[in-house]
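Here's the structure, in structure tokens; my notes come after.
The values are calculated or read from the model by the stated rules, or taken from the named source; none is laboratory data. Keep in mind that this is a model prediction, so the values were computed, not measured. Cβ sites come from the backbone with ideal geometry, for glycine too, and all protein chains shown count toward neighbours. Side chains included, ligands, DNA and RNA excluded: accessible areas come from the protein's heavy atoms. Shrake-Rupley method; radii C 1.70, N 1.55, O 1.52, S 1.80 Å.
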Amino acid sequence: MDQYGAIVRGDVDKKQIALVFTGDEFADGGKIIADVLKINNVKASFFLTGNFYKTPAFRSITQRLKSEGHYLGAHSDRHLLYADWNKRDSLLVTRNQFVKDVRKNYKRMKSYGIKRSDAAYFLPPYEWYNASISRWTAEMQLKLINFSSGTRSAADYTYPGMSNYRTSDEIYESIMNYEKQSEHGLNGFILLTHIGSDNRRSDKFYTRLDSLIKELKSKGYAFQRIDDLLK
């Protein structure tokens, strides 16, 4: 766990990785991602907001991901920012607002036949939280998770003009460099990217997913759903 109470990595003694995708307002990579996962016989995990689950245009890809055995989880209903960016211990929501937001996310998931007991891991919006959010999550009998730090994988949502913009080449290289240089490589890693991104980003990282999976498999890594990685 990290200092705020979230699970951020699996067993570092096992060459296993969980590919995690989050989604809210974009799903342009959905088909490509699903096709690549199927071709490579990989199961991944998708943490989607209530906004995503209720969007009619996203329904078919969501149903496909579920039918093909991927983990579908919660990422908040409205993608709220729970804590201040600059003063992390300052909450931007009350406990009641938090509980309502999370419950509504799970309510949206019910329309896909997903029960809370099937999806006990919760990935907070913006991957940003504090000790209070961790405690409230536990009180709802859910498990707070976040991505493993050390790579630029989560920057695949950025687009030119943003101060933190990273190209797909930079993101890919950051993953492989970490794998090479870190004591435990990517063992137990929760590797987070996005199911879609703003149209202002033409350099879509999900087009590199097939190469990434193949290269990591060649290094001996196996890919697991988040519930299998962390059980």
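For (1) at pLDDT 95 or above; (2) open to solvent by 70 Å² or more (accessible area, probe 1.4 Å); (3) in contact with a strand residue (DSSP E or B) (Cβ under 7 Å, 6 or more places away or on another chain); (4) under 30 Å from SER67 (Cα atoms), each residue gets a yes or a no:
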site: SER134; (1), (2), (3), (4): yes, no, yes, no
site: PHE147; (1), (2), (3), (4): yes, no, yes, yes
site: ALA154; (1), (2), (3), (4): yes, no, yes, yes
site: TYR165; (1), (2), (3), (4): yes, no, no, no
site: GLU170; (1), (2), (3), (4): yes, yes, no, no
site: ASP210; (1), (2), (3), (4): yes, no, no, yes
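State whether the residues of the stretch 54-62 include one that is without any contact (Cβ under 8 Å) to a residue 40 or more places away in the chain, out of contact with any strand residue (DSSP E or B) (no Cβ under 9 Å at 6 or more places or on another chain) and open to solvent by less than 10 Å² (accessible area, probe 1.4 Å).
No, the stretch 54-62 contains no residue that is without any contact (Cβ under 8 Å) to a residue 40 or more places away in the chain, out of contact with any strand residue (DSSP E or B) (no Cβ under 9 Å at 6 or more places or on another chain) and open to solvent by less than 10 Å² (accessible area, probe 1.4 Å).
Among the numbered criteria (1) in contact with a Phe, Trp or Tyr (Cβ under 9 Å, 6 or more places away or on another chain); (2) surrounded by fewer than 14 Cβ atoms within 10 Å (Cβ to Cβ), which single criterion is violated by VAL93?
Condition (2) is where VAL93 drops out.
Quick one: in the stretch 19-44, of everything that is among the β-branched types (Val, Ile, Thr) and open to solvent by 10 Å² or more (accessible area, probe 1.4 Å), which residue is nearest to THR55 (Cα to Cα)?
Residues of the stretch 19-44 among the β-branched types (Val, Ile, Thr): 20, 22, 32-33, 36, 39, 42.
Among the residues that remain, those that are also open to solvent by 10 Å² or more (accessible area, probe 1.4 Å) are: 32, 36, 39.
Numbers: ILE32: 19, VAL36: 23, ILE39: 27 Å.
Per the stated criteria, the residue is ILE32.
Which of the residues spanning the stretch 96-132 are open to solvent by 60 Å² or more (accessible area, probe 1.4 Å), more than 13 Å from ALA74 (Cα to Cα) and touching a residue at least 40 places away in the same chain (Cβ under 8 Å)?
SER111
Can you confirm whether the stretch 176-188 contains a residue that is in contact with a helix residue (DSSP H, G or I) (Cβ under 6 Å, 6 or more places away or on another chain), at pLDDT 95 or above, over 23 Å from PHE122 (Cα atoms) and open to solvent by less than 60 Å² (accessible area, probe 1.4 Å)? Can you show your working first?
To start, the set of residues in the stretch 176-188 that are in contact with a helix residue (DSSP H, G or I) (Cβ under 6 Å, 6 or more places away or on another chain) comprises 185-186.
Retained after the next criterion (residues that are at pLDDT 95 or above): 185-186.
From what is left, the residues that are over 23 Å from PHE122 (Cα atoms) are 185.
Pick out the ones that are also open to solvent by less than 60 Å² (accessible area, probe 1.4 Å) and you get 185.
Yes: one or more hits.
Going by what's in this entry, would SER76 be described as exposed (fewer than 13 other Cβ atoms within 10 Å of the Cβ), at pLDDT 95 or above, closer than 20 Å to TYR121 by Cα and of a type in the set (Gly, Ala, Ser)?
Numbers: exposed (fewer than 13 other Cβ atoms within 10 Å of the Cβ): no; at pLDDT 95 or above: yes; closer than 20 Å to TYR121 by Cα: yes; of a type in the set (Gly, Ala, Ser): yes.
For SER76, the condition - exposed (fewer than 13 other Cβ atoms within 10 Å of the Cβ), at pLDDT 95 or above, closer than 20 Å to TYR121 by Cα and of a type in the set (Gly, Ala, Ser) - is not met.
Return only the number of the condition from (1) in contact with a helix residue (DSSP H, G or I) (Cβ under 7 Å, 6 or more places away or on another chain); (2) more than 17 Å from HIS194 (Cβ to Cβ); (3) modelled with pLDDT of 95 or more that GLN63 does not satisfy.
(1)
Can you run down the residue pairs with Cβ atoms below 7 Å, 6 or more apart or on separate chains, where the first is in the stretch 32-44 and within 22 Å of ALA119 (Cα to Cα) and modelled with pLDDT of 95 or more and the partner is open to solvent by less than 80 Å² (accessible area, probe 1.4 Å) and in a helix (DSSP H, G or I)?
Close Cβ pairs satisfying both conditions: ILE33/TYR206; ILE33/LEU209; ALA34/ILE61; ALA34/ARG64; ALA34/LEU65; VAL42/ILE213; ALA44/LEU37.
For the stretch 44-69, what are the residues that are touching a Leu at 6+ places or on another chain (Cβ under 7 Å) and part of a loop (DSSP other than H, G, I, E, B)?
Scanning the stretch 44-69 gives a single hit, ALA44.
Residue check, THR193 against (1) surrounded by fewer than 21 Cβ atoms within 10 Å (Cβ to Cβ); (2) not in a helix (DSSP H, G or I), all met but one. Which one?
Against the list (1) surrounded by fewer than 21 Cβ atoms within 10 Å (Cβ to Cβ); (2) not in a helix (DSSP H, G or I), THR193 comes up short only on (1).
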